[in-house]
Amino acid sequence: MSASENTLIPPELDAEFEELAARYPQKRAALLPILHRMQEVHGWISPEVMEAVAGWIGLAPVEVEGVVSFYPMFRRRPAGRHLVSVCKNISCHLCGAEDVLAAIEKRFGLKPGETSADGRITLQAVQCLGACGYGPMMDVDGTYHEHLTPDSAVEILEELP
């Protein structure tokens with residue numbers, strides 16, 4: 001499927017993907033960076049986006065779905081305006097990540113994987129954010145917040161627009 005036949009991959013993205021795919025020996029090797037870019041553009045990886053990417057690369061849609069469902073960094077549902085990822089790996093866990101997560105859940109009425117009713121926050125509990133010496137920590141829209149307490153984590157999220 002060409003970009004002209006698919007509004008989910010407009011011509012400027014098609015050109016970007018062509019340039020990206022040219023760096024690899026096979027077009028399908030560009031799948032992960034293409035999916036990252038599609039999520040950046042569309043906010044999540046919908047079934048329609050998976051189908052569009054599959055058509056662009058020349059894969060069966062189920063192959064793309066298998067990749068999207070395997071990697072936790074791909075969202076298969078729309079996210080809130082702010083994506084909040086609380087690390088729950090062993091280092092953060094030992095420093096109090098469970099309490100941080102519980103405080104966020106209580107204050108905002110969310111469980112990991114849910115989005116607030118106002119669409120403001122999507123909460124995720126993730127295995128590792130690579131800041132093991134600074135736990136407990138969370139990533140809010142790509143910004144790390146380290147050495148958190150339950151109160152400081154809630155305060156950070158309350159200040160989000």
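Name the single residue, out of those in region 126-145 being without any contact (Cβ under 8 Å) to a residue 40 or more places away in the chain and under 10 Å from residue 87 (Cβ atoms), that is surrounded by the fewest Cβ atoms within 10 Å (Cβ to Cβ). Checked region 126-145; the qualifying residue surrounded by the fewest Cβ atoms within 10 Å (Cβ to Cβ) is 130. Considering 54, 79, the condition of being within 20 Å of the chain's Cα centre (by Cα) and either among the hydroxyl-bearing types (Ser, Thr, Tyr) or part of a helix (DSSP H, G or I) (or both) is satisfied by 54 alone. From the list 100, 68, 84, the lone residue that is touching an Asp or Glu at 6+ places or on another chain (Cβ under 8 Å) and either buried (at least 18 other Cβ atoms within 10 Å of the Cβ) or in the same structural domain as residue 141 (by TED's automatic domain parsing) (or both) is 84. Output the qualifying pairs, or none if there are none: Cβ atoms under 9 angstrom, residues six or more apart or on different chains, first residue in region 5-16 and in the same structural domain as residue 45 (by TED's automatic domain parsing) and more than 13 Å from residue 49 (Cα to Cα), second residue of a type in the set (Phe, Trp, Tyr) and at pLDDT 95 or above. Going by the 9 Å Cβ cut-off, the qualifying pairs are 14/56.
Cβ-Cβ distances below 6 Å connect the following pairs, each with a first residue in region 94-123 that is among the basic types (Lys, Arg), a second residue that is buried (at least 18 other Cβ atoms within 10 Å of the Cβ) and not in a helix (DSSP H, G or I), and a separation of six or more residues or different chains: 120/80.
When restricted to residues that are of a type in the set (A, V, I, L, M, F, W, C), closer than 12 Å to residue 75 by Cα and modelled with pLDDT under 95, region 15-55 contains 1.
Hey, can you tell me all the residues within region 137-155 that are more than 18 Å from residue 73 (Cβ to Cβ) and in contact with a strand residue (DSSP E or B) (Cβ under 7 Å, 6 or more places away or on another chain)?
In the first step, residues of region 137-155 are kept if they are more than 18 Å from residue 73 (Cβ to Cβ); the result is 145-155.
Correct list: 145, 148, 153.
Contact annotation: residue pairs with Cβ atoms under 7 Å, 6 or more positions apart or on different chains, pairing a residue in region 37-58 that is among the aromatic types (Phe, Trp, Tyr) with a partner that is assigned to a helix (DSSP H, G or I) and surrounded by 15 or more Cβ atoms within 10 Å (Cβ to Cβ), are 56/17.
The values are calculated or read from the model by the stated rules, or taken from the named source; none is laboratory data. This one's a predicted model, so the numbers in the text were calculated from it and none came from an experiment. Counting neighbours? That spans all protein chains shown, and the Cβs are built from the backbone with ideal geometry, glycine included.
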